[in-house]
Amino acid sequence: MAHFGVVAPAFYSHVSALSALALALVERGHRVSFIQRPDARAYLKDARLGFHAVGSDSHPPGSLTQSLRRAANPGSPLGLRRVIQDMADTTTMLCRELPAAIETLRIDALLADQMEAAGGLVAESLGLPFVSVACALPVNREPGVPLPVMPFDWSASERSLHMFQGSTRVYDWMMTPHRRAIETASRALGIPLRGALHDCLSPLAQIGQTVAAFEFPRKALPAHFTHVGPLRAASLRTPARTDALPEIASDRPFIFASLGTLQGHRFDIFKRVAKACRRLDAQLLLAHCGGLDARQAAALEDLGATWVCAFAPQEAALARADAVVSHGGLNTVMDAVAADTPILALPIAFDQPGVAARIRHAGIGLSASPRFTGTGGIERRLRRLLDEPDFARRCAPLAESVRQAGGSERAADIVEAAFGIHIRGAVQHG
């Protein structure tokens, strides 16, 4: 059996998705160890998954909180620059620390999150086989497809193509600190020069936790890229347990709202959602993921939320909900797709604008600006989701695509098949 190392950004959503794949491999007899800064250990919830801390000097225990705070609310362009520098610093640290960690742990192969270049760079330098996993929207570039972070709707018009190209140039300029970190690491590791995330992907196998029907039309994904749908520990074929939910009246709409782990502190957005649901006479279960205090939670109940909690059984809530209000995080959106639930996306950061654009393209929901859309705008969009049957109708085939995609088990099949050919020739540990 193999020992897999996992290299991923220190974000809960990414570690959660990769943990599902890791557990599928563990259940087949393999070992899996996550390798990251010390604070990331807290994200692992299953004792069967190993963790090896690296970078304590540059990324000491307790330092992740500030990095996450900046990522959740960069504010000004200067703040965004700081987030990009954090990303670059992490890549630099991992490229420096991973080779020794891989040797110490006797790692046979890597599972490398697409959003962390270090996995692919170090694997290439060691001659170690690796599989790339897209826990967010795939970073694979293609002419005519806007970058995942862009809010643009898909179009083949000449104007749109120029806009996509121009936005890519701006993005690449903004990412200069990260590009320099990747270039410096490439030289230090003795591999051909790389410069961006899409340059660091596996030539062996790539896995994405979307389905093709949700994506914009693509023509140039590599043949070894496979959409497997959401990476979840529980099988999608197992019905969600709705008995874990509060008692929900059947004669009024039920709406679930969550802005994820990084954005759960957005009290102002939640206030507008609560007021909108009161106007709709809808029941609202609001999960803030620990981002709000008791006073704020009570205020939201006064404004119209039926139930406010830190964490809710998300799959069960989505299975029961008539609509979901989300930040457009891919984990939540893919769970909503699997549950056949229309989505109102309020995209805030990262690839969330791109996810919202794909929601619109698929016709399974609506989106709105989280900053400029007031209570009335949220109410009108939710009313459309509740009243217009076309949204739910278009959800059904995507939900079926998710059920057929295979999830964590199919991803584990792909990993085993890819490494079954190459694992015996991997790095020899002395």
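The values are calculated or read from the model by the stated rules, or taken from the named source; none is laboratory data. Here the structure is a predicted model, which means the values were calculated and not measured. Ideal geometry is used to build each Cβ from the backbone, glycine not excepted, and the neighbour counts take in all protein chains shown.
Return yes when Ala123 is at pLDDT 95 or above, closer than 23 Å to Gln263 by Cβ and either within 20 Å of the chain's Cα centre (by Cα) or not assigned by TED's automatic domain parsing to the domain that holds Arg360 (or both) and no when it is not.
No.
With the requirement that a residue be of a type outside the set (S, T, N, Q) and part of a loop (DSSP other than H, G, I, E, B), what does region 339-365 give you?
Once the filter is applied, which keeps residues that are of a type outside the set (S, T, N, Q) and part of a loop (DSSP other than H, G, I, E, B), region 339-365 yields Ala339, Asp340, Pro342, Leu346, Pro347, Ile348, Ala349, Phe350, Asp351, Gly363, Ile364.
Can you name every residue in region 21-37 that is free of Cβ contacts under 8 Å to residues at least 24 places away in the same chain and touching a strand residue (DSSP E or B) at 6+ places or on another chain (Cβ under 9 Å)?
Val26
How many residues, within region 323-373, are of a type in the set (Phe, Trp, Tyr) and over 14 Å from the mean Cα position of the chain (by Cα)?
1
Please state which of the following conditions Ala123 fails to meet, knowing it meets all the rest: (1) closer than 26 Å to Ser369 by Cβ; (2) touching a Phe, Trp or Tyr at 6+ places or on another chain (Cβ under 8 Å).
Single failed check for Ala123: (1).
Of the conditions (1) out of contact with any Gly (no Cβ under 8 Å at 6 or more places or on another chain); (2) at positive phi, Glu315 clears all except one; give me its number.
In the conditions (1) out of contact with any Gly (no Cβ under 8 Å at 6 or more places or on another chain); (2) at positive phi, Glu315 misses (2) alone.
Within region 171-178, does at least one residue satisfy the condition of being surrounded by 15 or more Cβ atoms within 10 Å (Cβ to Cβ), under 19 Å from the mean Cα position of the chain (by Cα) and not acidic (Asp, Glu)?
no
Only one of Thr90, Thr65, Thr104 is of a type outside the set (A, V, I, L, M), at pLDDT below 95 and outside the structural domain of Gly290 (by TED's automatic domain parsing); which?
Exactly one of Thr90, Thr65, Thr104 is of a type outside the set (A, V, I, L, M), at pLDDT below 95 and outside the structural domain of Gly290 (by TED's automatic domain parsing), namely Thr65.
Spot the failing condition for Cys135; the list is (1) assigned by TED's automatic domain parsing to the domain that holds Ile348; (2) touching a helix residue (DSSP H, G or I) at 6+ places or on another chain (Cβ under 7 Å), and only one is missed.
Every condition holds for Cys135 apart from (1).
Please go through (1) crowded, with 22+ Cβ neighbours inside 10 Å; (2) part of a helix (DSSP H, G or I); (3) over 16 Å from the mean Cα position of the chain (by Cα) for Phe34 and return the number of the only condition it doesn't satisfy.
Condition (2) is where Phe34 drops out.
May I ask you to list the residues in region 377-389 that are modelled with pLDDT of 95 or more and in a helix (DSSP H, G or I)?
Gly377, Ile378, Glu379, Arg380, Arg381, Leu382, Arg383, Arg384, Leu385, Leu386, Asp387
Can you say whether Ser167 is over 24 Å from Ala418 (Cβ atoms) and modelled with pLDDT of 95 or more, as far as the supplied structure shows?
When the stated conditions are applied, Ser167 passes them.
For Ala22, are the conditions met, namely being closer than 26 Å to Gly260 by Cβ, small (Gly, Ala, Ser) and out of contact with any helix residue (DSSP H, G or I) (no Cβ under 7 Å at 6 or more places or on another chain)?
Judged against the criteria, Ala22 is a match.
Name the pairs: first residue in region 296-310 and charged (D, E, K, R), second residue surrounded by 15 or more Cβ atoms within 10 Å (Cβ to Cβ) and modelled with pLDDT of 95 or more, Cβ to Cβ under 6 Å, at least 6 apart or on different chains?
Matching pairs, first to second residue: Glu301/Val308.
Within region 53-72, take every residue that is touching a helix residue (DSSP H, G or I) at 6+ places or on another chain (Cβ under 7 Å) and either of a type in the set (A, V, I, L, M, F, W, C) or over 26 Å from Phe350 (Cβ atoms) (or both) and give me the one that is surrounded by the fewest Cβ atoms within 10 Å (Cβ to Cβ).
Ser56
Which of the numbered conditions does Asp351 fail, given that it passes all the others? Conditions: (1) buried (at least 20 other Cβ atoms within 10 Å of the Cβ); (2) touching a Phe, Trp or Tyr at 6+ places or on another chain (Cβ under 7 Å); (3) among the acidic types (Asp, Glu).
Asp351 satisfies all of (1) buried (at least 20 other Cβ atoms within 10 Å of the Cβ); (2) touching a Phe, Trp or Tyr at 6+ places or on another chain (Cβ under 7 Å); (3) among the acidic types (Asp, Glu) except (2).
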